[in-house]
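Structure, as structure tokens:
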Amino acid sequence: MLVFAAVAAAADPAVVSLRIVPAESRLTGSGASQQLLVLGKTAEGAEIDVTGEASLVVADPAAAELREGARVFGTSDGATEVTASYAGLSSTAKLEISGSADHRPFSFARDVGGIFTRRGCNGKGCHGGVKGQAGFKLSDNGVHPHDDYKWIVEGGTFRVLTDEPLGDATPRINVDKPEASLLLQKAVMEIPHGGGPRFEKGSDDYNTILEWVREGAPYGEEGGSNEPKIVRLEAFPSGLVLDPGQKHRVLITAHYDDGRTEDFTHQVLATVHDTGIASMSSDGVIEARQPGETAVLVKAAGRSVRIGVGVVGAELENYPEISANNFIDEEVFAKLRRFNIAPSKLSSDEEFLRRVCLDLTGRLPPPERVKQFVADKSPDKREKVVDALLGSPEYVDYWTFRFADLYRVALFPVGINPKWTQAYYEWIRDAIDRDRPYDEVARERIAAQGYSPASRHYLPYLVIPPAENMMGEEMRVFLGRRFDCAQCHDHPYEEWTQDQFWGLTAFFGPMFKLGGNPSSVIFDFPDGKEIAADVPSPTPLGVFHPRTKEPVQPAFLDGRVVPYDQSEFPRRELAEWMTSHKFFAEATVNRIWSNFFGRGIVDPIDDFRSTNPPTHPELLAKLAKGFADQGYHLKPLMRTIVLSKTYQLSNIANESNAADKINYSHALPRALDAEILLDAIADVTGVAERFDVGTNRGDWKGGITPMGGRAVQLKEGDLYPTAFFDAYGRPNRFSVPERDTSPKLTQALHMLAGTTYNEKLWKPGARVYDLVEAGASDDAIIEELFLAAFTRSPTPAERKAIQAQIAATPTREQALQDLQWAIVSARELAENH
């Protein structure tokens, strides 16, 4: 659970109660210690760090000793208490000390590897990089202590595709002359070191390494099954909101697999993402500098934890009271309040209707529907329109388009045979139409085999892709993680290892295609169909580790192996594991959320990592839990989002939130995707688009789509090449699509001379042409166009200016064409806001 400490203003806050964290501590072994944190609670309910100002006393000085900075050390076995006093208040914490005379066995991973982590030696920017630095390699964050030991004692470095040494190996220690060890001489700058000094000669870290070398550099505890291992780090508090200049201590606790915990506050390396906003000292004190948000990444012993830090500006007078519709609002509004950011007012009916119609169906509401909705005085009319949209055929069209994009439905490269592409598309459409549980859909696609529609994405150009490519796509689409960087080496920014990458890849190793390709194993199937399948093969199949050249068995991220010879269908087990993992629900709700707000709670949406934290971690967790609890159905998730007040806030910013881009204090404009914009232009002008079919595809005869079709209904987007799609960033589907909606010069040129903007303005059947033929007045036409394009009436100033322009134009026809062009070219049409 995310624990936020909201810190009161610096001007002498009145403390009404006091507590010590942790309230109970168990110190085991010689030298065991616990950092204490003294918190004072103000009358407003905020907790402030008063550790530095509080007076602390140990009841039994023979049992424990307090040292500078409120750190208590066990000195003899027994039980005692620590009492903190501040502002006439007091609080106690219990201490239990055991094994105070027992020195725990030496462990290279803990005692030496911990120094490398704490001093930043094994970070990505130093010796923990892919190839290390200056001929010396360490594993990132000490995740592979046995490799570290070998590189230090024997020398050598890491090579991406082989274990063979590169050149002469240079040991980093000298057992005969310990003080002459490179490991020490470089760290204290007795000889040049590109990383600068790491510690001083005679310091605790220096002496620890020196004594280790003098003892013959043993590995110590071998890390067997009996040695407890750290499974996670915990930070308290995990989030802070501070005023500029304020300080707050954090505690870091290591949790072992045997249930034991240990204070690690002084054994970690902390990196602040934006040091202009905050800093963190080596003893765990965070200091706020200037308003903004940042995060602190804390690393130790192959584990990491993130601390969110917000620095607020001036307190707002008369902060508005705003009620919540659901838990989304509770989380979003609570954070806005902590940061002294006031949310905008609720959107108008017109603004809400346009936004929700585009987001749920990809279509603009027709003018008559706008008038009806605005005139409706029902208090639940927004709920009613949301339910109507979720049950509409347009919803099915739009979300089929969205997932066909994500799942890469295309004639080239997926399938090549139009019947296969059609089957794949219809499989997606059926899932959207029936609101099938998304975990069920995901399992079906991940484990697809035989001639099922979902298996089509495993056969681009009739060839099964490399196993590592298939694995990377499935993880990105369904778990929101990018593992690609761990293919040739351990991930440069995350804890994913190369071994984990190839263990996951091995689930896709047995796949092969039957029939239709000379290089494949061929069987006589009556219809000669291509089949993606995991079935026994007469030729060796599998995955080989690129460095060791050894065969790799399928393995989950937690290390559990699924041997080929013990599993009927490993890929099905992978699908079950993926959809039951918390990553799956988090990634899915984050992806859906982004469609309604223009960014994910984690953004980019498929790049979850410790250095890219969620803006609202508790909200993400609640959305994921709700999604799972409701059977992984997408419609209830979408309904919850669009009925929140957060979604329904106006796009008109106020003084406090104008600069906010990540906290959802007001709606931000979002450029419409190419297909949606093209359909919007067709709706506003009343002239449907027709698409040339495949005239640039070799033997294809081509043709034109029927009248009335929409861009979002195109099944194979690559089969319909248009300059408009190219100008507005429609991606191909050769890989997981990433859309680019940024403005471009080609868009401006297309507005000026392109057929989309210029050939729909005046012809029979067009909106304005037919209105003129029916005898509509200029004022009625202006009103109709504004309602069709912007879901609002023109302002008096806009109406007056347009009427004056019409009057000044030689012909009414030209004036109305100019008006239409201005409207369909306007940014207000091209964005959802």
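The values are calculated or read from the model by the stated rules, or taken from the named source; none is laboratory data. Quick caveat: nothing in here was measured; it's all calculated off a predicted structure. In this analysis, Cβ positions are derived from the backbone assuming ideal geometry, glycine residues included, and neighbour counts consider all displayed protein chains. The accessibility values were calculated without ligands, DNA or RNA, using every heavy atom of the protein model including side chains. Shrake-Rupley method; radii C 1.70, N 1.55, O 1.52, S 1.80 Å.
Selection over segment 422-468 of residues that are of a type in the set (Gly, Ala, Ser) and closer than 21 Å to SER735 by Cβ gives a count of 5. For the condition charged (D, E, K, R) and modelled with pLDDT of 95 or more, GLU773 does not qualify.
Report whether or not ILE802 is farther than 20 Å from GLU831 by Cβ, free of Cβ contacts under 8 Å to residues at least 40 places away in the same chain and open to solvent by less than 20 Å² (accessible area, probe 1.4 Å). Answer is no for this residue. Applying a threshold of 7 Å to beta carbon distances and a minimum spacing of six or more residues, or different chains, the list of pairs starting in segment 103-128 at a residue that is free of Cβ contacts under 8 Å to residues at least 24 places away in the same chain and ending at one that is assigned to a helix (DSSP H, G or I) reads GLY128/ASP140; GLY128/ASN141. The set of residues from segment 378-401 being assigned to a helix (DSSP H, G or I), free of Cβ contacts under 8 Å to residues at least 12 places away in the same chain and closer than 30 Å to GLN422 by Cα comprises ALA388, PRO393. Tell me yes or no: at least one residue of segment 601-614 is free of Cβ contacts under 8 Å to residues at least 60 places away in the same chain, polar (S, T, N, Q) and not in a helix (DSSP H, G or I). Yes: one or more hits.
Within segment 287-322, the residues that satisfy the criterion of being part of a strand (DSSP E or B) and among the hydroxyl-bearing types (Ser, Thr, Tyr) are THR294, SER304. Taken over segment 570-589, the criterion of being in contact with an Asp or Glu (Cβ under 6 Å, 6 or more places away or on another chain) and at pLDDT below 95 is satisfied by ARG571 alone.
Give the residue, chosen from ALA314, ALA375, that is within 30 Å of ALA278 (Cα to Cα), surrounded by fewer than 17 Cβ atoms within 10 Å (Cβ to Cβ) and free of Cβ contacts under 8 Å to residues at least 40 places away in the same chain.
Unique residue meeting the criteria: ALA314.
Hey, any hits in segment 105-125 for a residue that's among the acidic types (Asp, Glu) and assigned to a loop (DSSP other than H, G, I, E, B)? No: segment 105-125 contains no residue that is among the acidic types (Asp, Glu) and assigned to a loop (DSSP other than H, G, I, E, B).
The listed residues are ASP163, ASP148, and the only one of them that is at pLDDT below 75 and either open to solvent by 20 Å² or more (accessible area, probe 1.4 Å) or touching a Leu at 6+ places or on another chain (Cβ under 6 Å) (or both) turns out to be ASP163.
Just need a number here: residues in segment 29-49 that are touching a residue at least 40 places away in the same chain (Cβ under 8 Å), open to solvent by less than 10 Å² (accessible area, probe 1.4 Å) and closer than 20 Å to PRO13 by Cβ. Count: 3. Would you check if THR756 is polar (S, T, N, Q), under 25 Å from LYS715 (Cα atoms) and in contact with a helix residue (DSSP H, G or I) (Cβ under 6 Å, 6 or more places away or on another chain)? Here the answer is yes, as THR756 does meet what is asked.
Just so you know, in segment 180-213 the residues that are of a type in the set (D, E, K, R) and exposed (fewer than 13 other Cβ atoms within 10 Å of the Cβ) include one that is farthest from ALA109 (Cα to Cα), and it is GLU200.
Collect the residues in segment 50-66 that are open to solvent by 20 Å² or more (accessible area, probe 1.4 Å), in contact with a Phe, Trp or Tyr (Cβ under 9 Å, 6 or more places away or on another chain), touching a residue at least 12 places away in the same chain (Cβ under 8 Å) and part of a strand (DSSP E or B), keeping them in residue-number order. Scanning segment 50-66 gives SER55, LEU66. Regarding segment 391-398, can at least one residue be identified that is in contact with a Ser or Thr (Cβ under 9 Å, 6 or more places away or on another chain), surrounded by 16 or more Cβ atoms within 10 Å (Cβ to Cβ) and polar (S, T, N, Q)? Within segment 391-398, none of the residues are in contact with a Ser or Thr (Cβ under 9 Å, 6 or more places away or on another chain), surrounded by 16 or more Cβ atoms within 10 Å (Cβ to Cβ) and polar (S, T, N, Q).
From the residues in segment 67-76 that are in a strand (DSSP E or B) and open to solvent by less than 20 Å² (accessible area, probe 1.4 Å), which one is nearest to PRO105 (Cα to Cα)?
Selected residue: GLY74.
Considered as a group, the residues in segment 77-96 that are out of contact with any Ser or Thr (no Cβ under 6 Å at 6 or more places or on another chain) and assigned to a loop (DSSP other than H, G, I, E, B) include one that is surrounded by the most Cβ atoms within 10 Å (Cβ to Cβ), and that residue is ALA87. Given the criteria touching a residue at least 24 places away in the same chain (Cβ under 8 Å), β-branched (Val, Ile, Thr), open to solvent by less than 50 Å² (accessible area, probe 1.4 Å) and part of a loop (DSSP other than H, G, I, E, B), does ILE432 qualify? Against the criterion (touching a residue at least 24 places away in the same chain (Cβ under 8 Å), β-branched (Val, Ile, Thr), open to solvent by less than 50 Å² (accessible area, probe 1.4 Å) and part of a loop (DSSP other than H, G, I, E, B)), ILE432 does not qualify. When GLN422 is tested against (1) buried (at least 22 other Cβ atoms within 10 Å of the Cβ); (2) part of a helix (DSSP H, G or I), just one condition goes unmet, and that condition is (1).
Here are ALA23, ALA8: which of them is more than 30 Å from ASN207 (Cα to Cα) and modelled with pLDDT of 95 or more?
When all the criteria are applied, what remains is ALA23.
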